[in-house]
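Report on the structure given below.
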Amino acid sequence: MGWKTLDDMDLNGKRVLVRVDINVPIVDGVVTDSTRIRRIAPTVRDILAAGGKPILLAHFGRPGGERRENLSLNQLVPTLERAFETRVLFAADCIGAGAEAAADALQPGEVLLLENTRFHATETKNDPELAAGMARLGEIYCNDAFSAAHRAHSSTEAIARLLPACAGRLMQAELQALESALSQPQRPVTAVVGGAKVSTKLELLGNLIEKVDHLVIGGGMANTFLVAKGLPVGISLAERIMKDTAAEILAKAKAAGCEIILPSDIAVAKKFEAHAEHEILPADQCPEDGMILDAGPDSLARINEVFEASKTLIWNGPLGAFELEPFDAATNAAALKAAALTRAGQLISVAGGGDTVAALNASGAAGDFTYISTAGGAFLEWMEGKELPGVAALESA
Ligand code: AMP
């Protein structure tokens, strides 16, 4: 851990520029899901409690460098005030004389929100001049936007090199969870990778086979592996063109001592529909007109065994077509098993990335996981073993 936290900084009386992700959904000017705002509240409260003055830097949507009123952060002020239980002032630009005056006038207990950083086209180019303009507003930089850390932008990367820099509480929790799951995990480590396609998760699989002891492959992408093993998959979603790549992954995993667990039995239907008539068959018996939509109970029993023997679990992607009942069965049952082992103190479980959060929420298991990352792209890039520029900049700060 080469980065500092708020505890390492002297915040008293200091203006603290906090990069946050408050890119919340809005319908007709109303915030429909304030989860992201609630998750940054501890950072803001801790800075205020230490006598610091939080100044929030954030992007909102994709204005493409133009000032667009419907993407103004101004509309979030009431929701932020409710979440922080304090007054939130607004500056109509994230740099310049107006923002500097607002930052100077900020009183203890108050928060200043700066306008959408992406109203400047140079933000996404990691422009040092824009970063310098932002840095003039504060004395300390705190990055609490892990979900934006895979992008090198002025407000996530360049600015961290201009001020004493640290991670906020959410970033800290996310990095600690991820480090304990993959960088320095308690072994054995199991990864679950599911979802639609092998082609979108090649780098992920390549990194994981080097690092984990067991790799459970599920969902549509498991079908491609079945094809690589010469098994029939009927009309299932499968990337036949990736057959050789899948075979190479199997060979590399073997050489690296990583056990790959593919479905040994399958739920097969004729249509991609909820409640479609289906049967459970051995994995080598998919009929020509059959569509594999989930893993079966034997596969699940093996997955449960592997989970029981593991100390750490990292999960991305559903094991079947989880949006269609009952083809959410394997995903739900495996998630509930992981949740029970976590509750019993036997397992550290970390999950994240797009559909995974939705799938684990639907199963009712999410609350018991050690950590669920909502960071999407940043979580996946981290799982792929890539350096995240926003984190690297904190490490060298
Ligand atoms: P991803 O975005 O790659 O994590 O993929 C998630 C999507 O994969 C979900 O929409 C699932 O419905 C889909 N999926 C998972 N398993 C299957 C399957 N066996 N056949 C078709 N789609 C699947």
Problem set entry | For the stretch 165-182, Karplus couplings with θ = phi - 60° (6.51, -1.76, 1.60), whole Hz, Gly/Pro x | 10, 8, 8, x, 5, 5, 4, 4, 4, 5, 5, 5, 5, 5, 5, 6, 8, 10
Problem set entry | Potential extension, A344-Q285 segment - 0.36 nm per residue separation minus Cα distance | 17.5 nm
For this session: Decide, for the stretch 115-157, between rounded, prolate and oblate: order the square roots of the alpha carbon gyration tensor eigenvalues as a ≥ b ≥ c, take rounded if a/c falls under 1.5, and otherwise choose prolate if a/b is larger than b/c, else oblate.
Result: oblate
Seminar exercise, completed: Counting Lys and Arg as +1 and Asp and Glu as -1 over every other residue whose Cβ sits under 10 Å from the Cβ of P263, the net charge comes to -2
Seminar exercise, completed: Summing +1 per Lys or Arg and -1 per Asp or Glu among the other residues with Cβ less than 10 Å from V198's Cβ gives +2
Problem set entry | For the chain, calculated [θ]222 nm from helices alone, where every DSSP H run of n ≥ 4 adds -39500 (n - 2.57) | -10000 deg cm²/dmol
For this session: Hey, can you grab everything whose amide H is under 5 Å from the amide H of I266? Only 5+ residues off in sequence or another chain; H modelled, so Pro and N-termini drop out.
Result: L281, A283, G296
Seminar exercise, completed: Helix 202-211 sits off the longest principal axis of the Cα atoms of the chain, rounded to the nearest 10 on a 0 to 90 degree scale, by 80 degrees
Seminar exercise, completed: Longest principal axis of the chain (C-alpha) makes with the long axis of helix 329-343 (C-alpha) an angle, in degrees to the nearest 10, of 60 degrees
Seminar exercise, completed: Under the Karplus relation with 6.51, -1.76 and 1.60 and θ = phi - 60°, whole-Hz ³J(HN,Hα) for the stretch 140-157, x at Gly and Pro, equal 9, 10, 10, 9, 10, 10, 4, 5, 10, 6, 7, 10, 8, 10, 4, 7, 10, 10
Problem set entry | E305-N361 pseudo-label distance in nm [points 7 Å out on the Cα-to-Cβ vector] | 3.5 nm
Exercise. Which shape class applies to the stretch 233-306: rounded if a/c is under 1.5, otherwise prolate when a/b exceeds b/c and oblate if not, where a ≥ b ≥ c are the square roots of the Cα gyration tensor eigenvalues?
Worked result: oblate
Exercise. Given the C-alpha centroids of the stretch 286-314 and the stretch 355-395, what is the distance between them in whole angstrom?
Worked result: 22 Å
Problem set entry | Spin-label model distance (nm) - K229 vs L336, 7 Å beyond Cα toward Cβ | 2.6 nm
Exercise. If we count every other residue with Cβ under 11 angstrom of P128's Cβ, Lys/Arg +1 and Asp/Glu -1, where does the sum land?
Worked result: -1
For this session: Specify whether the C-alpha gyration tensor of the stretch 229-364 places it in the rounded, prolate or oblate class, a ≥ b ≥ c being the square roots of the eigenvalues: rounded for a/c under 1.5, otherwise prolate if a/b is larger than b/c and oblate if not.
Result: oblate
Exercise. For E384 and K252 in one chain, what is 0.36 nm times their gap in residues minus the Cα-Cα distance, to one decimal in nm?
Worked result: 45.9 nm
Problem set entry | Degrees between helix 35-49 axis and first principal axis of the chain (Cα, 0 to 90, nearest 10) | 40 degrees
Problem set entry | Phi-based couplings in Hz for the stretch 370-384 (Karplus 6.51, -1.76, 1.60; Gly and Pro marked x) | 4, 8, 10, 8, 9, 7, x, x, 5, 4, 5, 5, 5, 5, 6
Problem set entry | Listed pairs K243/K270; K201/K252; K211/K386; K243/K386 exceeding 18 Å between Cα atoms | K243/K270; K243/K386
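Values quoted throughout were computed directly from the atomic coordinates according to the rules given, and no laboratory measurement underlies them. In this text, all values refer to a predicted model and were calculated from it rather than measured experimentally. Every residue, glycine among them, receives a Cβ derived from its backbone with ideal geometry; neighbour counts consider all protein chains shown.
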